[in-house]
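In what follows, a structure is listed as structure tokens, so that the remarks can point back to it.
Derivation of every value follows stated rules applied to the coordinates shown; laboratory data play no part. Computed from a predicted structure; not experimentally measured. All Cβ positions, glycine included, derive from the backbone under ideal geometry; neighbour counts span all protein chains shown.
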Amino acid sequence: MIKIDANTNSTKLRHIAFIMDGNGRWAEKRGMPREYGHKYGAKTLKTVIERCAFHGIEAATFYAFSTENWKRPKKEVDALMNLLDDYLDRLLKDVDQNDIRYKFIGDVSVLKDTLCDKIYMLEDKSKEKKHIVNIALNYGSKSELVMACNKLIVEGKKQVCEEDIERSLYTSESPSLDLLVRTGGELRLSNFLLWQAAYAELYFTDVLWPDMDEKTVDLAVEAFYKRKRRFGSV
Ligand code: FPP
């Protein structure tokens, strides 16, 4: 169980996000094609989702496919889309086995119709569940902000405030982001949750995504509770 130090961080961890990096390197280290790493990465995703729910975290957001990932070789993009298809089948089958509400953030409308159908079905079937899991697909933070502004223009807004933007983001139903974790050793945000991360704690680990397990999730959660959050105050 996580040891919470009451002298440091009194803010509860309500929303965690993950940049799931390192699948390709994990596979290459094993002399395998990159797609093998993504396949293992999908198994890790399930483990991490369950561990976040175990910790009572209200929302967890995962960067599965960015607006820039279309630039990858066709073989890899196809493998990721097939993996997503299988993953959605499994989630749909197991929807009654857990208390997870799935939401897909990003412009999913460009995905194949069969994928969109499964995505909308899963969102609908899980809509009364407790723990939110946002899966970012064809997501980019800059396009999310443009989308939010365009929504507000359609509403007829001439001037906007922070609350207007907040409620127009894909993550509007999740609490404020508390902790952003990036695996795989790189130290950047890669166009992920730029607005939401304004006051989030950042946690970078060299662990490659497929090697994430319950213990490594616990380490990130523990690190969060050791941070002093001041939100601009003293
Ligand atoms: C980044 O690692 C990872 C991705 C672009 C894909 C993430 C996908 C998963 C974790 C699988 C689950 C996803 C679905 C669609 C169900 P990388 O490939 O850039 O790794 P590298 O930095 O080692 O090359």
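Were the residues from D78 through L202 laid out at 0.36 nm apart, the gain over their Cα-Cα distance would be 41.5 nm. Dipole magnitude for the chain: computed about the Cα centre from +1 point charges on Lys and Arg Cβ and -1 point charges on Asp and Glu Cβ, it is near 440 debye.
Give the average over all directions of the projected area of the C-alpha convex hull of the chain, one decimal, in nm². Show your work: numbers first, answer last.
Working: hull surface 55.7 nm².
Dividing the Cα hull surface by four gives the mean projection, 13.9 nm².
Could you work out the local net charge near N23, counting Lys and Arg as +1, Asp and Glu as -1, over the other residues with Cβ closer than 14 Å to its Cβ? For residues surrounding N23, the net value is +2. Put in line by how crowded their Cβ is, counting other Cβ atoms within 10 Å and starting with the fewest, S233, S66 read S233, S66.
Within the shell defined by Cβ-Cβ distances under 9 Å, the residues around E123 carry a net charge of +3, with Lys and Arg each +1 and Asp and Glu each -1.
Of the GluC sites (Glu not before Pro) in region 115-212, the ones in a loop by DSSP (not H, G, I, E or B) with at most 16 other beta carbons within 10 Å are E128, E155, E173, E186. Result for the chain in a Gaussian network model with C-alpha springs under 10 Å: among N150, N23, N138, the largest mean-square fluctuation is at N150. Centroid-to-centroid, using Cα positions, region 182-227 and region 27-43 are 21 Å apart.
Counting only C-alpha contacts under 8 Å and six or more residues apart, can you give the relative contact order of region 165-230 as a whole percent? Write out the running numbers ahead of the final one.
Details: 51 pairs, mean separation 22.2, N = 66.
Across region 165-230, relative contact order equals 34 percent.
In summary, the aspartates and glutamates within cross-link reach of K118, defined as a Cα separation below 14 angstrom excluding same-chain residues under 8 places away, comprise D85, D86, D89, D94. Spin-label pair M121-K151: with each label point 7 Å from Cα along the Cα-Cβ axis, the two points sit 2.6 nm from one another. Legend: residue pairs K12/K142; K46/K75; K12/K71; K112/K151; K39/K151, Cα-Cα distance threshold 31 Å; pairs beyond threshold, K12/K71; K39/K151. Highest mobility in the GNM of the chain, judged by mean-square fluctuation with C-alpha springs under 10 Å and restricted to C52, C161, C116, is found for C161.
Each residue of region 49-54 was assigned a 3J(HN,Hα) from its phi angle through the Karplus expression (A = 6.51, B = -1.76, C = 1.60, θ = phi - 60°), giving 4, 5, 5, 5, 5, 4 Hz with x at Gly and Pro. Taking the charge dipole of region 31-86 about its Cα centre, with +1 at Lys and Arg Cβ atoms and -1 at Asp and Glu Cβ atoms, the residue from G31, T47, N82 reaching farthest to the positive side is G31. For the options L111, L169, L202, a Gaussian network treatment of the chain with springs between C-alpha atoms closer than 10 Å singles out L111 as fluctuating the most.
What net charge do the residues around G56 carry, taking every other residue with its C-beta under 10 Å from that of G56, with Lys and Arg at +1 and Asp and Glu at -1? Don't skip to the end; give the middle numbers.
Numbers: positive: K12, R14, K130; negative: E58.
My count for the surroundings of G56 gives +2.
Taking only the alpha-carbon atoms of region 94-147, what semi-axes of the equivalent ellipsoid follow from 5 times the gyration tensor eigenvalues under a square root, in whole Å, largest first? Spell out each step's value before the answer.
Values: eigenvalues 96, 40, 10 Å².
Over the Cα atoms of region 94-147, the ellipsoid semi-axes are 22, 14, 7 Å.
Counting only the backbone N, which residues of region 154-183 are under 18 Å from the spot 7 Å out from the Cα of E68 toward its beta-carbon? Those under the cut-off are 181-183. Can you classify region 113-231 as rounded, prolate or oblate using the Cα gyration tensor, where a ≥ b ≥ c are the square roots of its eigenvalues, rounded means a/c under 1.5, and otherwise it's prolate if a/b beats b/c and oblate if not? Cα axes put region 113-231 in the oblate bin. Using C-alpha pairs below 8 Å separated by at least 6 residues, the relative contact order for the chain is 33 percent. Here the 3J(HN,Hα) profile of region 177-183, calculated from phi with Karplus coefficients 6.51, -1.76 and 1.60 at θ = phi - 60°, is 6, 9, 9, 10, 10, 10, 8 Hz, Gly and Pro shown as x.
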